[in-house]
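A.B. asks: Quick one: the structure is below, and I'll ask about it shortly.
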Amino acid sequence: MPGTSVRSLSGKRPRSVATQVFVLQVAIVVLLAAGAVLALVLQSRSDVEREARNRSVSVAETFAHSLGLHEALQSPNPSAILQPLTEETRKAAGVDFIVVMDTQGIRYTHPLPDRIGKRFVGTIEPSLAGQVHVESVDGPLGKEIQAVVPVFAEGDSGPVEALVSAGLTVENVSGLVDRQLPVILGASAAGLALGTAGAALISNRLRRQTRGLGPLEMTRMYEHHDAVLHAVREGVLITDRDGRLLLANDEAKRLLGLPPEAEGQHIRELAELDGNLADLVLSGREATDEVLEAGERLLVINQRPTRPRGRPEGMAVTIRDSTEMRVLSTRAEAARRRLRLLYDAGVGVGTTLDVERTAQELADVAVPRFADFATVDLAEPVLRGDEPTAAPGDLRRTGISGIREDIPLYPRGRLIDFLPSTPQARGLSSGRAEVIADLEKAPGWYAQDPPRAQAVIDYGIHSLITAPLKARGVVLGVVNFWRSEKPEPFDEEDLSLAEELVARAGVSIDNARRYTREHAVAITLQHSLLPRDLPEQSAVEVAHYYLPAQSGVGGDWFDVIPLPAGRVALVVGDVVGHGLHAAAAMGRLRTAVLNFSSLDLPPDELLARLDDLVQYTDQNGEGGGAEGGLLGATCLYAVYDAVARRCTVARAGHVPPLVVHADGRVEAPELPAGAPLGLGGFPFEAAELDLAEGSRLVLYTDGLIEDRARDIDEGLDLLRGALSRAGRSPEDTVRAVLAELLPVRARDDVALLVARTSSLSADRIAEWDVPFEPSAVGQLRAAATAKLEEWGLQELVFGTELVLSELITNAIRHGAEPVRVRLLRDRVLTCEVFDGSSSSPRLHYATTTDEGGRGLFLVAQLSRRWGARYTPEGKVIWSEQQIPDLVEGDAGLAAETAAVDAAGAAGFGDAAGSPGPAGRAGA
């Protein structure tokens, strides 16, 4: 009927054959399952009863032949002996009862004790005749299956002296059957389910094969199939196992040029069929999207073997014409490669903030996927991190890459001045990229360097793209792409790709340039804030090393500060963060430490004042923030006394120092850690270390021992190993430590300070106790004069007498006992006066009418520098005088005399005599 679908036709039919077959199969399976269940139940009952009889006979015979049974039967009370044995055996054997009786049937044993002594229920005559008798009776326990076995007096040939009966109740036998019945039913149900599932599978397969259709519908379906087969735009070939063509649709005949009578012929007999395609069809192998050229067509072949009977019977081949898609796929592949190149450039260019490395990454990413050779030329200011000028002058070749290394182009590092006629110069001035298709026909480029240009052409390079490298509208340089391997020159599409590639790289190079500038500024600032030349002093021999971090300048610093009386302060610190803020914060801390050290404070008190300063700065918002603030900075401050050979150390959250003894032994002294600066509320403690002459004190920052490849404990072990060698100078120690621990690319600043201790020998020290009376001043002047003459310092006698007179007089008048005087001959002559008072001396100017107040002014005029420091016992007033050279002795003496004359003219007292009014100054 026209317009009627296959689905509507099938809906009017009676039940299909597949459905009828399924119902019949299910009925057969149900009947078979029911018969199987019945047979299994009957068989199971028979087997269980047989098993019960066999078990009863076995248990009875076993007990009848057991050892000791005869003796028990002959005993006066057999029941007392046999009853426990039968019960134990019954439970172990799994039977319901074991009864031992005499030949009259009177029981000796029974599971029910009240049945003992009563007559046995059952037939015993066959057993008295020597036979085994099995029967089913109604016994005391109910319906029973029991076996009666004779017990012979003398082996199996003597008379029967007793009987043994064992058995099971019918209830327990039925229980065994009932327990097996669920298994039987379950197995039957599983069999029924499997049978039904098998019938359903068979019916479904039949339904799939026939599609549930009748003859009319099947005919119409095949007509539709044939119409579709010949209407599709894809060729179809079907062959048999012998290679004979069974079917070829219209599209296959059109693509392959086959004649109408081609079907039925062997593949080899078809002259119109391409030989490669014939070989593929006859090979019998599978093929997926295999491309073959057949004349002017590009065919995509898919081939699979046909298996109508489960084994290969031929081949089914589909053919698709992809000639038009070839051009499109080529363009799509080119676009994909370009996008991939741009993606790789975005990932691979600018991995670091180094200008030269970024330029080299740009050249590397372009070769060989875009060009055979690539060069990057940058303006000189860009390499230094400066802002490029509007019209870059000479360019330096910074990056170069190629498929070979023997290229005749300008090498890396060459300074190039492009002529105005070159495409590079035009691009720099106009800001536009340019393509040179044929270098042989480019006289402007050739004029730059004719011999080298000819060598480039002879090398095979024939095409060029030059693109200015720009960022934020400013030209940074120029990038050149050269082609030699591909015969076709660069085109406009290549030019647009080059512009996009260079534009992306320009941002990365500009970022690296700006970082270079900031890094250089930070390094310059940091170096200006760090000590350039360490001051001269005799207490320690010092070597140092400083390395800024690659990721940004940090705030590590160190310092060596000479202190009076043969002492020196060693400082190492670390500020949190990197960059300009960290460098500035470091400078502020270093300046603060220098100022506090001029007060000659103990290390713990100096760190306490530094902590107060950091807290004040942070509370007023001057700490620098997270980029490099004072808060959280660490510091270690150590003071070494060359006279006492003692080092006093305190630290604020800094890594502890190491002490290398003269024998090479490395020690980490126990020091209170202290909190980082700025936290407040935590006191700082100092520790004293006795250091022998020649010991090395090693101060460092955490950047030396911490690294991504190791933890801090491993770094400390490496540092100990590098230090554990005797006899090294500080310079050799620094070199050994750096060789062992210095990372290739430091992510944090590294500061290292190595100080080898010295001592002031006893012949360069003079010390006296001063009686607490004014008359002792003259005696001390005489003793000091004698010591200076012994040291050969006659030029300093006059000034030293005046200084000692004033300082001792002040100590006696305004101080407290005890009073001591010490002279130290080092690079300078140090005069120290100790007293037990903690009153602070003060320098002020006396008027012409004042009777006193000029003593410390006189000391300041005669001294190189002077000051006071406090000890647990009191204070020390000290004065330093420069030791003149032999040539300058007369000039120094004249200067001292002039100073004394000037002081006398200003109204000072008699400096050379006993204490006068001048002795009252400064108390």
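A.B. asks: Can you list residues whose amide H is under 5 Å from L658's amide H, if they're 5+ apart or on another chain and H is modeled 1.01 Å from N?
C.D. replies: Sorted by chain and number, the residues that satisfy this are V698.
A.B. asks: Here's a follow-up. Starting with the highest mean, order 60-68, 697-705 by the number of other Cβ atoms within 10 Å, averaged over the residues of each peptide.
C.D. replies: By packing density, highest mean first, the sequence is 697-705, 60-68.
A.B. asks: Taking neighbour counts of Cβ atoms within 10 Å as a proxy for exposure, in what order, fewest first, do D574, D533, D604, D690 appear?
C.D. replies: Least to most surrounded, the residues fall as D533, D690, D604, D574.
A.B. asks: Going by C-beta contacts inside 10 Å, put I238, I124, I509 in order with the fewest on the left. Spell out each step's value before the answer.
C.D. replies: On the way: I238 17, I124 20, I509 29.
Going from sparsest to densest Cβ surroundings: I238, I124, I509.
A.B. asks: Per residue of the stretch 576-581, what does 6.51 cos²θ - 1.76 cosθ + 1.60 with θ = phi - 60° give for ³J(HN,Hα)? Whole Hz please, x for Gly and Pro, Karplus curve as stated.
C.D. replies: Result, rounded to whole Hz: 5, x, 9, x, 4, 4.
A.B. asks: With the crude spin-label approximation of a point 7 Å out along Cα→Cβ, what separation in nm comes out for T196 versus R504?
C.D. replies: About 6.5 nm separates the two model spin labels.
A.B. asks: Same structure, new question: If amide hydrogens are placed 1.01 Å from N in the peptide plane, which non-local residues have theirs closer than 5 Å to the one on D96?
C.D. replies: Here G167, L168, T169 satisfy the definition.
A.B. asks: A further question follows. Near K875, which aspartates and glutamates are there with a Cα under 18 Å away, not counting those fewer than 8 places off in the same chain?
C.D. replies: Leaving aside aspartates and glutamates fewer than 8 places away in the same chain, those within reach of K875 are D600, D604, E605, D641, E767, D769, E806, E817, E832, D835.
A.B. asks: Taking the Cβ of G674 as the center, what net charge do the other residues with Cβ under 11 Å away carry, scoring Lys and Arg +1 and Asp and Glu -1?
C.D. replies: Working: positive: R651; negative: D604, D611, E685.
Its environment carries a net charge of -2.
A.B. asks: What lysines sit close enough to K143 to cross-link, taking a C-alpha to C-alpha distance under 30 Å and skipping anything fewer than 8 places away on the same chain?
C.D. replies: K91, K118
A.B. asks: In terms of Cα to Cα distance under 22 Å, which lysines are near enough to K486, apart from those fewer than 8 places away along the same chain?
C.D. replies: Result set, ordered by chain and number: K441.
A.B. asks: Let me ask you something else. So how do W482, W445 line up by other beta-carbon neighbours within 10 Å, fewest first? Provide the component values of the computation, followed by the final result.
C.D. replies: Details: W482 26, W445 22.
The most exposed by this proxy come first: W445, W482.
A.B. asks: Rank-order 591-603, 98-110, 794-806 by packing density, defined as the average count of other C-beta atoms within 10 Å over each peptide's residues, highest first.
C.D. replies: Details: 591-603: 17.2, 98-110: 21.5, 794-806: 23.2.
By packing density, highest mean first, the sequence is 794-806, 98-110, 591-603.
A.B. asks: Quote the FRET efficiency, to the nearest 0.05, computed for A36 versus Q550 with a Förster distance R0 of 60 Å and r equal to the Cβ-Cβ distance.
C.D. replies: On the way: r = 86 Å, r/R0 = 1.43.
Between A36 and Q550 the formula returns 0.10.
A.B. asks: What is the Cα radius of gyration of the stretch 330-520 over 2.2 N^0.38 Å, N being its residue count?
C.D. replies: Compared with the compact-globule rule of thumb, the stretch 330-520 sits at 0.96.
A.B. asks: Under a crude label model (7 Å from the Cα following the beta-carbon direction), how far is R369 from D458 in nanometres?
C.D. replies: Modelled inter-label distance: 3.5 nm.
A.B. asks: Still on this model: Taking 0.36 nm per intervening residue step and subtracting the Cα-Cα distance, what contour gain separates R842 from V232 on full extension?
C.D. replies: Full-extension gain reported as 208.3 nm.
A.B. asks: Still on this structure: Quick one: grab the alpha carbon gyration tensor of the stretch 608-715, order the square roots of its eigenvalues as a ≥ b ≥ c, and give me rounded if a/c is under 1.5, else prolate or oblate depending on whether a/b is larger than b/c.
C.D. replies: oblate
A.B. asks: Just grab the label-to-label distance for A278 and A783, each label 7 Å out from Cα along the Cβ direction, in nm (one decimal).
C.D. replies: Computed distance between label sites A278 and A783 equals 13.0 nm.
A.B. asks: Through the Karplus equation 6.51 cos²θ - 1.76 cosθ + 1.60, θ set to phi - 60°, convert the phi angles of the stretch 86-99 into ³J(HN,Hα) values in whole Hz; use x for Gly and Pro.
C.D. replies: Working through the residues one at a time gives 5, 5, 5, 5, 4, 5, 6, 7, x, 10, 8, 7, 10, 10 Hz.
A.B. asks: Could you run the Karplus curve 6.51 cos²θ - 1.76 cosθ + 1.60 with θ = phi - 60° over the stretch 292-300 and give me ³J(HN,Hα) per residue in whole Hz, x for Gly and Pro?
C.D. replies: These are the phi-based 3J(HN,Hα) values: 10, 9, 10, x, 8, 9, 10, 9, 9 Hz.
A.B. asks: Going by average Cβ density within 10 Å per residue, which order do the peptides 244-253, 561-570, 490-499 take, highest to lowest?
C.D. replies: Final packing ranking: 561-570, 244-253, 490-499.
A.B. asks: Just check the stretch 531-757 against the gyration tensor rule for me: Cα atoms, a ≥ b ≥ c as the square roots of the eigenvalues, rounded for a/c under 1.5, and otherwise prolate or oblate depending on whether a/b exceeds b/c.
C.D. replies: Oblate, since a/c reaches 1.5 and b/c is not below a/b.
A.B. asks: In nm, what is the difference between 0.36 nm times the number of residues separating R532 and E740 and their Cα-Cα distance?
C.D. replies: Full extension from R532 to E740 adds 72.3 nm.
A.B. asks: Say a paramagnetic label sat at a point 7 Å from the Cα of D663, along Cα to Cβ; which residues of the stretch 673-696 have their backbone N under 16 Å from it?
C.D. replies: Under cut-off, by backbone N: 691-696.
Each reported figure results from applying straightforward, stated rules to the coordinates on display, with no laboratory input. The structure presented is a predicted model; accordingly, all values stated were derived computationally and were not measured. Using ideal geometry, Cβ is built from the backbone for each residue, glycine included, and neighbour counts are taken over all protein chains shown.
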